[in-house]
Amino acid sequence: MKELQNKVKQLLNDKEVDLVIGWAKGSLPLVSTPVFITEAEQAEELIFDHTCRNNLATYLTKDRKRLGKKYNKIGIIVKGCDARSIVLYVTENQVKRDKVVIIGVPCQGIFESRKIINCTNGREVLEQKIAGDQVILIGRDFEIKVSREEVLRDCCLSCRYPDAPEYDHFIGEHRGEINVKDEFKIVEDFEKKSAAERWQLITEEYSKCIRCYACRNVCPSCYCNYCFVDNNDPQWIGKTPEVTDNIIFHLIRNLHLAGRCVDCGACVSACPVNLDLRPLNKKVEKEMKERFGYTAGLDINEKPAMASHCENEKQDFIMG
Amino acid sequence: MIKIKYEQLSALIDFLTESYQVYAPVKHGKETAFKKISSASEINKSKYNTSLNPKDIFFPQSEVMFTYTKNGIKSPPEQGKPIAVWGLRTCDTKSIRMLDKVFANAYQMPDKEMYKDPYWIARYKNCLLFSFACNEPPSTCFCNWFNSGPYDSSDSDIFVTDTGDEYLLEGISERGIKFLAGYPETSQADQTDLDKIKVLREKAESYMPPVVELSGLKDKLLKIWDDPVWDELSAKCINCGACAYICPTCHCFDMRDEGNEDKGKRVRLWDCCMYQLFTKEASGHNPRELSTYRVRQRVMHKYNYFVENYQQFLCTGCGRCIKVCPVNMDIRQIIQKILTYKEV
Amino acid sequence: MSNTYIPIPMKLERIINEDPDRTLRTFDLSFVNKQDEEKFSYMPGQFCEFSILGKGESPFGIASSPSEKGLLKFTVSRTGSVTQEIHYLQEGDIVGIRGPLGNWYPDEKLRGKDTVIIGGGFAFTTLRSMIVYMLDHRQEYGKITVIYGARSPEFFIFKDELKEWEARADITLHLTIDKPYPGWDKLIGFVPTVTKEVGLDPSAYVIVCGPPIMIKYTLPVLSEIGFEDSKIFTSLERRMKCGIGKCGRCGIGSKYICIDGPVFSLEELKKIPESF
């Protein structure tokens, strides 16, 4: 933590950056909060731990790229997945590489509030402590020990790239690529089901959506100036939270994220009704990998899969 | 004050369903929400308030205003029995009363038919609100900032205290008193019960945060309306609608047509001032183009504009927005920052 | 209980193309049901939600005068999806309207007083309503002066009536266009400049209505001439939905344009955050 703070101080003092986006302690025990730092002394607020769920890259494109217009050079603290979002931005010509200073941090995985609440049977956690591989959850009248695995986000459990693939500075030890065996297990489980079962799962899950668009708005890859769902003329889909419209919204978003989703889990953490958005995201990711050998955000020199074409690509979607 | 044992709840709910459509907290996916129930077994008993708000009962996220065909316009069917809501918290009840002020008439307007919202009124008319004392308010609660508290029974029809093995029911409004008088179970609460309440109440109140004095908030907001501090306050907001959709008092809505020229319906659905398109005009002009202006609007509406029109804050301190915000925008911190801020 | 959200049916009697670009059309509507007509009582400055079933609603100021019985007139500029749909309408079609909504120009104050009416572009609709109303009750009002600006001569709306008014002695009309145009022998210049130059008497009441940029530059001119803020009135526009102070869309400060406005005095507006 101290190393990170010092690095940010130095970057600001040396005028290498005008702003640093990072995480600070949140107002609730289980969450951190994004923080925007322009003065070296503010760097003391910075943290990096298992509560840093936000993918801060999203702020580079948010609000019509306002930060980019205001600050010449932006420093941004990233986990592996967040760095991949920046790589994606560069390959999609949204952010110029020389306008960002990427500060990698060694990610050990982020906790999922919903899983923690499940562990406590719904009771409010007021404090959490890490003790080796254990997490101690403390409430008004209880103290529970659980293993880290139990409360890590699903996307962290199957994370292959905890380190930033692209960075200017790296704080701490690299973890290297992790050989995850069952990265696509949730997709395979899903694929094994019959069409009717799959449909039932999807309708059940997405019927709960309240269409607040938190998933879309936290998502770094969702940076369209006008989202198809907001379009009035023509209006592509209904705006009411009817299950059919909800499904269309989520499916189109999924497809629009093909080759663009870095599985950072921001959408899952953001959802106020805790929808399990991941299986379909992951399904599209798997397709991209199998069809085009492409994984989003790993190589800053590689063209985005959906924006390039090569002759030996499978074309069965056209020919049947 | 009458008391009923836990196991007698189903009798009460059955009695209620004879003359009311009964709503209560139920499991809704991984969350809890108010839904119509037909028996007590469906009720989700929790120490905390529901994750989704209760406004949906009277002001659904989407509802049909009318249907139309080539032959004309048809209003939606009548509401039927009045609505009773079991399992509200005091903050929830207050939020419903606030919304009634908006929908039953518009603020300074004389009692004019054209300002009445028929859809709200149809549901709200003769409703019976059972609000529960909060024995264990979570750390996100701050209703005590709004002259309320976990045992605030005002605004309830019937105030309910859950003592751990029974419910103590106290009629507060005339309607509530009348209902209890007509209820066959007449086991009266005694001194032991009152003592129990006292203990529970003291414990509950001890969980509340220190009160922040809000009397200066409205004027302070107007003073800093044009101040650059809003850039800082809004910096991390990503402009989703989670706070507004989860909020029991936010009531902005949109009206849309679904269908074609021959047949269809006009629906109204919740909308949110956080969205960029909320105020964008057909010409392309948008008075609230920047996220900063939209965050300011939401704060101003709750703690200044609404107070100007209805003499109370449009916030009950239920803490739901604090829990769901994806970037941990904490309205308590925003309020405190504004109160202590020295304007430029 | 009556339901303000249900539109009343109106028959489209006449469509008038107002400009060569065909982006401005005036629609004359008549009431389908007699009882709706009897209930519909309005004043100049009020507006209606114009409803096309299947497409939605859009608010427009009423361009007709209450003294024109049996008729409602709206001029619609084609800018969005609903207005486009309105432009597709044909004479004889049935449409819906909700209203009258909002407040109106301060007619009570104008009685017996001189009035200056300043308008620009197609925002002349409710101003037409006011002028026709005043002319129909001419003896009730003092001097009437109108300043009306448009891009070029073709973009004035209600051209026939402007001609009639020019011929009358009991109303002074200053028409101006942005830049010289073949055959134009009237004023040239933007509305704020013309306002400064025509010699207005600051004891009069003023009603200003036009594009935001015009209002922005005209208001200081009026103050410079000496008009009091409490005597300057303007009509605001924002996106609207419900029209009855609930849906929150047209809020400016603690006011809702749909019920507290659309007409505000400059004195009121100066106290409202977000009004400009």
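Lysine pairs in the range C:107-235 whose alpha-carbon atoms fall under 26 angstrom of each other, counting only those eight or more residues apart or on distinct chains, come to 29. Using the Cβ-Cβ distance between residue A:290 and residue B:46 with R0 = 41 Å, the FRET efficiency computed as 1/(1 + (r/R0)^6) comes to roughly 0.40.
Counting only Cβ charges, +1 for Lys and Arg and -1 for Asp and Glu, the dipole size of the protein assembly as shown around its Cα centre is about 280 debye.
For chain A, the antiparallel share of DSSP beta bridges with both residues in that region comes to about 65%. Local charge for residue A:144 was computed over the other residues whose Cβ lies under 14 Å away, with Lys and Arg +1 and Asp and Glu -1, and equals +1. For the pair the range B:1-24 / the range A:118-163, the C-alpha centres are spaced 39 Å from each other.
Which of these, B:11, B:24, B:204, has the largest mean-square fluctuation under a Gaussian network model of chain B (Cα springs below 10 Å)? Sorting by GNM fluctuation, first place goes to B:11.
For peptide C:4-11, how many partner chain Cβ atoms fall within 10 Å of a residue's Cβ, on average? Present the calculation step by step, with values, prior to reporting the outcome.
Working: counts 7, 9, 8, 4, 1, 2, 0, 0.
Per-residue shielding by partner chains comes out at 4.
Spacing of the modelled spin labels on residue A:244 and residue B:194, each 7 Å from Cα toward Cβ, amounts to 6.0 nm. Placing +1 on the Cβ of every Lys and Arg and -1 on the Cβ of every Asp and Glu, with no other charges, gives chain A a dipole of roughly 540 debye about its Cα centre. For a paramagnetic label modelled on residue C:225 (point 7 Å from Cα along Cα→Cβ), amide N atoms under 17 Å away belong, within the range C:154-197, to C:171-177, C:187-197. The simple Förster model, with R0 at 51 Å and r as the Cβ-Cβ distance, assigns residue A:181 and residue A:126 a FRET efficiency of 0.90.
Taking chain A as a Gaussian network, Cα atoms linked when under 10 Å apart, which of A:265, A:22, A:172 shows the biggest mean-square fluctuation? Of the options given, A:172 has the highest mean-square fluctuation.
Restricting the GluC sites (Glu not before Pro) of the range B:196-246 to loop positions (DSSP other than H, G, I, E, B) with no more than 14 neighbouring Cβ atoms within 10 Å leaves B:213. For the pair residue A:225 and residue B:202, label points projected 7 Å from Cα toward Cβ lie 6.4 nm apart.
One chain, two ends: residue A:141 and residue A:99. Fully extended at 0.36 nm per residue, the span grows by 10.2 nm beyond their Cα-Cα distance. Put simply, the C-alpha atoms of the protein assembly as shown give a gyration tensor, and the ellipsoid matching it has half-axes of 50, 37, 28 Å, longest first.
What is the packing order of peptides A:278-290, A:183-195, taking the mean over residues of other C-beta atoms within 10 Å and listing the highest first? Walk me through the intermediate numbers first.
Numbers: A:278-290: 19.3, A:183-195: 13.8.
Highest mean packing first, the order is A:278-290, A:183-195.
Distance from the Cα centroid of the range A:10-44 to that of the range B:280-314 is 29 Å (rounded to whole angstrom). Of all DSSP-defined beta bridges confined to the protein assembly as shown, some 65% are antiparallel rather than parallel.
Counting Lys +1, Arg +1, Asp -1, Glu -1, what net charge surrounds residue A:103 among other residues with beta carbon under 9 Å of its beta carbon? Spell out each step's value before the answer.
Working: positive: A:7; negative: A:168.
Here the count lands on 0.
Mean-square fluctuations from a GNM of chain A, with a 10 angstrom spring cutoff on Cα atoms, peak among A:300, A:37, A:144 at A:144.
Between the alpha-carbon centres of the range B:195-231 and the range B:63-104 there is a gap of 30 Å.
Among DSSP beta bridges whose residues both lie in chain C, state the antiparallel percentage, nearest 5. Don't skip to the answer; put the middle values down first.
Values: 33 of 55 bridges.
Bridges in chain C are about 60 percent antiparallel.
Entry note, the protein assembly as shown: the mean residue ellipticity at 222 nm calculated from DSSP H runs of n ≥ 4, each adding -39500 (n - 2.57), is -8500 deg cm²/dmol after division by the residues and rounding to the nearest 500. Extending 7 Å from the Cα toward the beta-carbon at both residue C:68 and residue B:311 defines two label points whose distance is 4.4 nm. Count Lys and Arg as plus one, Asp and Glu as minus one, and take only other residues whose Cβ is under 13 Å from that of residue C:229; the net charge is then -1. Inter-chain neighbour count for B:293-304: the average number of beta-carbon atoms from partner chains within 10 Å of each residue's beta-carbon is 2. Here chain C is assigned +1 on the Cβ of each Lys and Arg and -1 on the Cβ of each Asp and Glu. Its dipole about the Cα centre then comes out at about 580 debye. Counting, for every residue in A:47-55, the Cβ atoms of other protein chains within 10 Å of its Cβ and taking the mean gives 1.
Per-residue Karplus couplings for the range C:80-89, computed as 6.51 cos²θ - 1.76 cosθ + 1.60 with θ equal to phi - 60°, are listed in order as x, 5, 6, 5, 4, 5, 5, 5, 6, 4 Hz, Gly and Pro entered as x. Phi angles across the range C:259-275 convert, under the Karplus curve 6.51 cos²θ - 1.76 cosθ + 1.60 with θ = phi - 60°, into 3J(HN,Hα) values of 10, 7, x, x, 8, 10, 7, 4, 4, 5, 4, 5, 8, 9, x, 6, 6 Hz, Gly and Pro given as x.
Values quoted throughout were computed directly from the atomic coordinates according to the rules given, and no laboratory measurement underlies them. Being a predicted model, the structure only gives us computed values, none of them experimental. Cβ sites come from the backbone with ideal geometry, for glycine too, and all protein chains shown count toward neighbours.
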